[in-house]
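The values are calculated or read from the model by the stated rules, or taken from the named source; none is laboratory data. Since the model is a prediction, treat every value here as computed from it, not as a measurement. A quick note on method: Cβ atoms are made from the backbone with ideal geometry, for glycine too, and the neighbour counts reach across all protein chains shown. Heavy atoms of the whole protein, side chains included, go into the accessibility calculation; ligands, DNA and RNA do not. Shrake-Rupley method; radii C 1.70, N 1.55, O 1.52, S 1.80 Å.
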Amino acid sequence: MSEITFQTDIDADRTKVYEALDTHEGLTGWWTTGVNRKDEILFFDFPQIPEPFQLRRDRADQEEVAWTSVGAFPPHWTGTVITWQLTGTPDGAGTRVDFRHTGFAEDDPALAHSAGTWGQLMTRLKQYVETGTPQPFFTL
């Protein structure tokens, strides 16, 4: 199985990073304005995408946020797992985010595109948490 990983240090405490990953306001501040939730399933809508991505919220606390893709779209995401582990930075001044999106097929032709998008999203997450200014990557 293939995976995407990123490590980002954010100049903010864990509470702010956690809120950006687990609240409607937070997720719409850096990822997409099309976020909905029903129980533990998050629905993410994107422009020109025929149906929402469906991610089950498996864990959400100030140490880790974890989701499993449970929808049929996009097909190459089905069953993959997305985690953000939150720890202190080495200097203790902020939050280190270790991001992983695991479970892709070894020969997945869409892996490079997904990795590129996640890289841009991690930058948006950092900017949003540090400035408080919403700059979603996708807007509906």
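Observations on the model:
- Looking across 103, 29, one residue alone is of a type in the set (Gly, Ala, Ser), outside any loop (DSSP other than H, G, I, E, B) and farther than 20 Å from residue 8 by Cα. It is 103.
- In region 1-60, residue least open to solvent (accessible area, probe 1.4 Å) [restricted to those that are modelled with pLDDT under 95 and of a type in the set (S, T, N, Q)]: 2
- Complete set of residues in region 92-124 that are of a type in the set (A, V, I, L, M) and within 13 Å of residue 74 (Cβ to Cβ): 105, 110, 111
- Extreme residue, nearest to residue 18 (Cα to Cα), among residues of region 124-140 that are in a loop (DSSP other than H, G, I, E, B) and of a type in the set (Val, Ile, Thr): 133
- Residue satisfying condition, being open to solvent by 50 Å² or more (accessible area, probe 1.4 Å), hydroxyl-bearing (Ser, Thr, Tyr), at pLDDT 95 or above and within 19 Å of residue 9 (Cβ to Cβ), within set 95, 131: 131
- Matching residues, region 67-92, being over 24 Å from residue 11 (Cβ atoms) and touching a Phe, Trp or Tyr at 6+ places or on another chain (Cβ under 8 Å): 69, 71, 73, 74, 76, 77, 80, 81
- Note on region 98-119: among residues that are under 11 Å from the mean Cα position of the chain (by Cα) and farther than 15 Å from residue 18 by Cα, the one that is surrounded by the most Cβ atoms within 10 Å (Cβ to Cβ) is 101.
- Count of region 61-86 residues which are assigned to a strand (DSSP E or B), open to solvent by 30 Å² or more (accessible area, probe 1.4 Å) and under 21 Å from residue 109 (Cα atoms): 1
- Test set (1) farther than 18 Å from residue 140 by Cα; (2) out of contact with any helix residue (DSSP H, G or I) (no Cβ under 7 Å at 6 or more places or on another chain); (3) free of Cβ contacts under 8 Å to residues at least 24 places away in the same chain - residue 76 fails condition number: (3)
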